[in-house]
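Following: one structure in structure tokens, then a few remarks.
Read-outs throughout are calculated quantities, based only on the coordinates presented, and are distinct from any laboratory measurement. Everything numeric here is computed off the predicted structure, so don't read it as measured data. Heads up, the Cβs are rebuilt from the backbone with ideal geometry, glycines too, and the neighbour counts pull from every protein chain shown.
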Amino acid sequence: MSDVVTELQHAWQKHGRSARQMGFWAVCTYRLGHEALAVKNPVVRKAASALYGVCAFAVDLGCGVELNREAQIGPDLHLVHGWNIKIHPDSVIGARVGIMHDVTLGTNMERPGAPVIGDDVFIGAGARILGGVHIGNGARIAANSLVIGDVPAGATAIGVPARVMQYTGRPPSPPSSPPSSPPSSPPPPLARTAERRRADRRQARLPVQVERRKGPRRRPPSATEH
């Protein structure tokens with residue numbers, strides 16, 4: 001009984017020391033119902049089971065949480081948002097597990113059995129973990145993911161169906177710099193200036209003028225020729 005009291009104290013602290021947190025009441029109901037299974041006195045066990053049945057019905061009616069007392073759940077369970085959480089009776093949940101709202105731990109026709117959740121696992125909102133899968137310690141299940149296969153310890157599962165992504169805790173390495181562009185072709189030579197073009201034109205006309213000067217000279221007509 002001392003262990004149950006300790007767990008209830010931890011649950012009170014985990015859920016913000018607030019009676020308005022429905023997750024707290026769901027965890028309390030599970031702890032009391034699970035403890036009732038170990039009572040040897042049949043009369044006390046029957047009375048405790050009846051009380052558990054009433055409380056479980058009230059929790060299910062009030063917030064939609066079905067945390068069956070046959071499930072094996074470790075210490076410090078935290079129902080972050082205690083709403084619409086379904087836990088199969090054959091499920092196994094380790095210590096210090098956090099579960100968001102709209103989460104289902106159930107069976108799968110293709111893979112019999114119920115999920116086994118390791119320690120320090122976080123399950124995001126809307127996640128579905130179905131079948132006899134094993135979720136390793138410290139794993140993370142992303143929101144709205146459908147997990148139908150094993151997830152290694154420390155990994156993150158995301159998607160429908162979920163894909164396993166290893167996460168080391170280190171920031172992603174910066175992308176490699178793109179290859180340098182090939183050197184551009186040398187720029188074309190500068191256009192000649194107008195002065196240089198005029199000089200070229202003068203140089204081109206010079207041989208013609210020289211040839212004309214080398215030709216025979218005409219003598220002016222003398223007075224006797226008339």
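Taken along its three principal axes, the alpha carbon spread of segment 20-71 comes to 33, 17, 16 Å, from the longest extent down to the shortest. In terms of other Cβ atoms within 10 Å, Phe24, Phe57, Phe122 run from fewest to most in the order Phe57, Phe122, Phe24. Under a 5 Å amide H cut-off, with hydrogens placed 1.01 Å from N, Glu66 pairs with Ile85, Lys86, Ile87 among residues at least 5 apart or on other chains. Restricting attention to segment 2-166, close to 15% of DSSP beta bridges with both partner residues there are antiparallel. When Thr104, Thr29 are sorted by how many other C-beta atoms sit within 10 angstrom of their C-beta, beginning with the fewest, the order is Thr104, Thr29.
Projected over all directions and averaged, the alpha-carbon convex hull of segment 2-166 occupies 9.3 nm². Going from the residue with the fewest nearby Cβ atoms within 10 Å to the one with the most, Val116, Val44, Val59 rank Val44, Val116, Val59.
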